[in-house]
């Protein structure tokens, strides 16, 4: 096939190929310079095929103009077999371009975006399409380095059947820009994409999609986001942040995603026929959060959501009177009608964000006291969740909301009673996974202003002549599925990795241990025979590994004689280290666990159980930018440390922090010289879970005795905290902890002897970020 | 014709009448109860005729529904012969209603509006029309009582060929409401109306038209304001205040109106083909003031405008970064193209309102430091005005504006030089009144983004194939007129009053004087023979009157022995009193001139020349709410007064004040016990001229000697001030005056002996109103 491999030979193909129009040419290129050369002579109808293989450090710039009938196609030779790696990216400018089948992985963009619908201000893409592409784990080396994976500019552009997952750095995965008249009235289409997992970031700016910004929130955007799957998009509190006008979100599935579809700025959004699926475990999976004016929220199905406040199934916020452009406008003229809430905890939260009681720590321009006005909730259905009794949670007076013909399956014992919310008998039927419908039909619907425009139900059935309350017209056929995962992303791409079988590796001495650890595969278990392992260098962990004693009653003992720059365990991005039933001893000058110093591109996890750790400087030291999704300590003993867990390197007060979930249970801390825990989150930010500490069943004694010690457990700014059933003895500190009252933090059943005070401070003065 | 006068007889008219459809009925009614009765049985296609005559205190409520083909018509029996007087008003609710030919006068509305397109929230008017109606001088009794003359609600309503003039109280003449989903996407049409004189108000809230408010500024309004005449609409700085999105202003004429078409809130307005006409005298006649995003300003013709800053021909403002909802958003993405500026003073002002130098007196949320961004000025033409050399005035760096293919008739010696503003030779031709066009054609036009949508010129000529710079495609035919006054307002109505001939009434004694004054007609001149006129009661003036000595060298002397509650002259609303060459003497306890205490519904004027006035408590005392358009004192002598001019009763600090223009020239003030002048304006307000004082060529001596006196001329908050060529001798005050430096006030050539200081204070701390 010399004809195909030689550079820039033009192959005039026949109609039968299905790829090019008659008379147009197919160019096959195998590197950037061939591609650029081909582009020089490209004409409408042409196709440029990129050869299969790895395209490393390839910055592709496409400037060309096709036509509606004869677009220009840039495609992978075989879809999914052209890999853009290293520092690659793609910018396109011009009319009617189609980008098809590319795969970005193993690297990160050297610019602000991976794929951008604009080359420069004079070359903006219009009427162009990105399809069947994948961007996977193509994340920056540092969390704080900001980029976007797809940037929309121009008008009438489309992204369809793409897969994007694994972004853990700052910046929305997909960003629509609306700055400049060339980039408004966009009518962009974002459809049938698979937005795969976006991990928790531990800081703001981790939306999966952001459409506009507060500065351009007055623009008519008309972005259509429909039929996409958002699968465990956990970056921050906003999965989608809509910040412009006239956007439409329809028939998307939000699957176990810790956040909400948020109407953050801009007005007159349509949210129709979407599906929000939670589970029994997470309290962070939300639904729709409403700010601003004129939105229509119809035919949506909410299932098993346990989120509250900002993450409620339906959160209607309070605004700031005469709000600054970038803060919170009042909610007015919003209609939420024909929605169904199944097994959700209190589905409707009103005046979310009301903070009039925080005027001592916030400026007047942050006080959300403007209640929703002219809001209509009509023809909604709430059922399931038998323990639930309060469909409404209100953080302020509910005087601007009209309730009409809403029906509830349980008795409403909440404060907000209204004839427009009526309890009825229900019989429920599980049709398929996540889909539960009532046997009953409630046909007495409220016909409000412009309600005649709500013509169909969730599944597209016409409401005319057969209208009823709720998102779904019943009966539904028995084979009805809520959604089909196959409809999302490129057909050639499988997002699920096959799990490798668990492998146990036996280890009997220090040398062998170091060697086998270095060669281990992710998921391996290293089982150490009883004995002493003397180690003089850091063990580097960059994958999922378990290290445990072969016999938990005869613990292997690791003795580390490294210096202060070299910890016992050095944790790299994506590492997940489990320490089980070990004894670990340092030389008092070194640290036990420490992250890589920089470029902690993704989260790490650390579990310690049944172990004894002593004689270290710090138990865990993280670098700035490092982020642990989970740190879990159970049934362990710590002694003779200068510092315990130190998770306080994010000191810029911009909402970033070093760990999301920290569990410390049933463990003992003795002779910890300064603090047992320093867990810090700074900056007035509401976009994250905000850190979570469970400290229970522990004993802390003879600690905090150094001169500088003031607090044993520092948790400033951490939102979620449980402090229960601990014993504190002989700790010479002023405070054991200072808890944040406004977040509901309070100590439970702790025993305190000769130790400091557990104080509760209601409000926290935080640095404003916006 | 008993059949017509008897109540509620239904007359089935034939097609030939042209008023009703076949089968529909004509009801003739002669009072409210007949009208209400008729409404009970009204059906689509019906007409209700209101009988000619005066309908006093008639509150008309129309609730009915016509159809597009068969509207319901409420009409005057003869257009313009049905007078709604006293406390009357009209509310309509329903579909396809037409209101035709009514005349509101001699009274004021008892509610918040004269004509309202809404009865209540359940009865809003849609698809309805107000036509051929007049509202004249139907103003509230007090300036501070707020109302609107026409209130738009609903959708698709029309006001055409109406005449509205003479509103002098608080509140825009016409107001479009956008609150609630029923009242957005309005597509209202306001066309061919004659907005007659709206007098200066001396305070804010005196727009001729306001579309929305800051609270509803996010709504899509789509109000169309086209082909209207705004004739001397001088209420305040905003003739039209557009506060919503997607409004269109086209082919309107703004004739000698002291204000601008202001894009105050909201975005994406179209301003096309409008005509702005000023004159040689006024510095307050403006053009277009731009705030916010995405406006297109095309094909407009600006003639002889002398306004600057807020009142510039084209004022592009600075915004407040992250502005509060009700203040100033940044200007972005605005296009001003194909406009023509003839004989205007520096037509383009950028960063208007920049006030970074006032941070000592204003909070950060009032500082307009955000400069215009992505603004394009292209294909504009500037000519005439040979003395002019600076087309641009900039109050901040001009770095966000692109100039493309603009052409200028004079050399630009200003600071802002740009290749996009080119000087060319011009020959000009006066085609008709106010219409001057160049002989040259400048055909090199800039073709910017979306410029292809600018398809026509000011007169509707297609630009295709014949495009050129400026609003007008040349040549134009010799009979071209800029506009025709006949196209505006009801055809039956003549707005111009025929002037009554001047009448001189001779007076020789006090009794005769009082009698003739009481019976005088507006415009009369009372000529007093030499002698002394002893008067013991107040002379009431409620019209335009001149009182003068028959022989100016032998002055008549009026001696007033009234008490302190009764001034020599009591001035009523609309009074205009000229005192010429008289001697007027009080008894030291009474006042010389004093307004009516309350209900000063309209402005008064006072001119004093060649006269001697002495022995009064106050020279002029006004009531709160009173407003003088002009007070002029020349060549007169004042002696032995406690207080001179007192114009300081508006102390609420809401931007109101008591007089617009105060001239005091070539006069002498002796032994004025406290202040010669107290002229006050309070509140941080930018919507008015702000008061204007000329104090020149005067001598003030032996005044301000009372203990409390501190300042001789108090002018706090007054914007325009000239203090020149005066002599101050032996006045025991600390200050002669404290001038406002930021407004350019400075004393010129005054002589000060044994008097206080003339101080300049740069910035003034004012009470925020918003």
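Points worth noting:
- In a residue-by-residue description of the range A:387-397, the property of being over 30 Å from residue A:770 (Cβ atoms), in contact (Cβ under 8 Å) with a residue 60 or more places away in the chain and buried (at least 19 other Cβ atoms within 10 Å of the Cβ) applies to no position.
- Residue B:375 vs. criteria without any contact (Cβ under 8 Å) to a residue 60 or more places away in the chain and more than 14 Å from chain A (Cβ to nearest Cβ): no
- Residue in the range A:755-763 that is within 19 Å of residue A:655 (Cα to Cα), surrounded by 21 or more Cβ atoms within 10 Å (Cβ to Cβ) and outside the structural domain of residue A:354 (by TED's automatic domain parsing) present: no
- With a requirement of 3 or more residues that are over 28 Å from the mean Cα position of the chain (by Cα), the strands (runs of 3 or more DSSP E) lying completely within the range A:55-147 that satisfy it span A:59-63, A:72-76, A:89-95, A:123-126.
- Scanning the range A:400-415 for residues that are within 14 Å of chain B (Cβ to nearest Cβ), farther than 16 Å from residue A:313 by Cβ, in contact (Cβ under 8 Å) with a residue 12 or more places away in the chain and not in a loop (DSSP other than H, G, I, E, B) turns up at least one hit.
- For the range B:181-205, the candidate set comprises residues that are within 14 Å of chain A (Cβ to nearest Cβ) and not in a helix (DSSP H, G or I); within that set, the residue that is surrounded by the most Cβ atoms within 10 Å (Cβ to Cβ) is B:186.
- So residue B:448, is it surrounded by 14 or more Cβ atoms within 10 Å (Cβ to Cβ) and within 14 Å of chain A (Cβ to nearest Cβ): yes
- The lone exception for residue B:163 - which of (1) within 14 Å of chain A (Cβ to nearest Cβ); (2) surrounded by 24 or more Cβ atoms within 10 Å (Cβ to Cβ) it fails: (1)
- The residue that is surrounded by the fewest Cβ atoms within 10 Å (Cβ to Cβ), counting only those in the range B:368-386 that are more than 26 Å from residue B:442 (Cα to Cα) and either out of contact with any helix residue (DSSP H, G or I) (no Cβ under 9 Å at 6 or more places or on another chain) or not assigned by TED's automatic domain parsing to the domain that holds residue B:334 (or both), is B:373.
- Residue count for the range A:480-536 satisfying the condition of being within 30 Å of residue A:133 (Cβ to Cβ) and either part of a loop (DSSP other than H, G, I, E, B) or touching a residue at least 60 places away in the same chain (Cβ under 8 Å) (or both): 22.
- Within the range B:37-82, being within 27 Å of residue B:112 (Cβ to Cβ) and free of Cβ contacts under 8 Å to residues at least 24 places away in the same chain holds for one residue alone: B:40.
- Matching residues, the range B:232-246, being within 14 Å of chain A (Cβ to nearest Cβ) and surrounded by 24 or more Cβ atoms within 10 Å (Cβ to Cβ): B:242, B:243, B:244, B:245
- Qualifying residue in the range A:419-441 (condition: under 35 Å from the mean Cα position of the chain (by Cα), over 29 Å from residue A:478 (Cα atoms) and either surrounded by fewer than 18 Cβ atoms within 10 Å (Cβ to Cβ) or away from chain B (no Cβ under 14 Å) (or both)): yes
- Those residues of the range A:357-366 which are more than 26 Å from the chain's Cα centre (by Cα) and within 14 Å of chain B (Cβ to nearest Cβ), in sequence order: A:363, A:364, A:365
- Members of the range B:537-551 that are surrounded by fewer than 14 Cβ atoms within 10 Å (Cβ to Cβ) and in a loop (DSSP other than H, G, I, E, B): B:537
- Top-ranked residue in the range B:505-530 [being in contact with a helix residue (DSSP H, G or I) (Cβ under 9 Å, 6 or more places away or on another chain) and surrounded by 15 or more Cβ atoms within 10 Å (Cβ to Cβ); ranked as nearest to residue B:551 (Cα to Cα)]: B:528
- Applying the condition of being on the phi > 0 side of the Ramachandran plot and within 14 Å of chain A (Cβ to nearest Cβ) to the range B:206-228 and asking which residue is surrounded by the fewest Cβ atoms within 10 Å (Cβ to Cβ) yields B:222.
- Scanning the range A:331-356 for residues that are closer than 27 Å to residue B:325 by Cα, assigned to a loop (DSSP other than H, G, I, E, B) and away from chain B (no Cβ under 14 Å) yields A:353, A:354, A:355.
- Test: residue in the range B:304-320 that is within 14 Å of chain A (Cβ to nearest Cβ), surrounded by fewer than 24 Cβ atoms within 10 Å (Cβ to Cβ), part of a loop (DSSP other than H, G, I, E, B) and in contact with a helix residue (DSSP H, G or I) (Cβ under 9 Å, 6 or more places away or on another chain): yes
Rundown of residues vs (1) within 14 Å of chain A (Cβ to nearest Cβ); (2) in a loop (DSSP other than H, G, I, E, B); (3) in contact with a strand residue (DSSP E or B) (Cβ under 6 Å, 6 or more places away or on another chain), yes/no style:
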position: B:230; (1), (2), (3): no, no, yes
position: B:249; (1), (2), (3): no, no, yes
position: B:258; (1), (2), (3): no, yes, no
position: B:262; (1), (2), (3): no, no, yes
position: B:286; (1), (2), (3): no, yes, yes
position: B:326; (1), (2), (3): yes, yes, no
position: B:329; (1), (2), (3): yes, yes, yes
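- On the stretch given as the range A:358-367, residues that are without any contact (Cβ under 8 Å) to a residue 60 or more places away in the chain and touching a helix residue (DSSP H, G or I) at 6+ places or on another chain (Cβ under 8 Å) total 2.
The values are calculated or read from the model by the stated rules, or taken from the named source; none is laboratory data. This is a predicted model, so every value here is computed, not measured. Cβ atoms come from the backbone with ideal geometry, glycine included; neighbour counts cover every protein chain shown.
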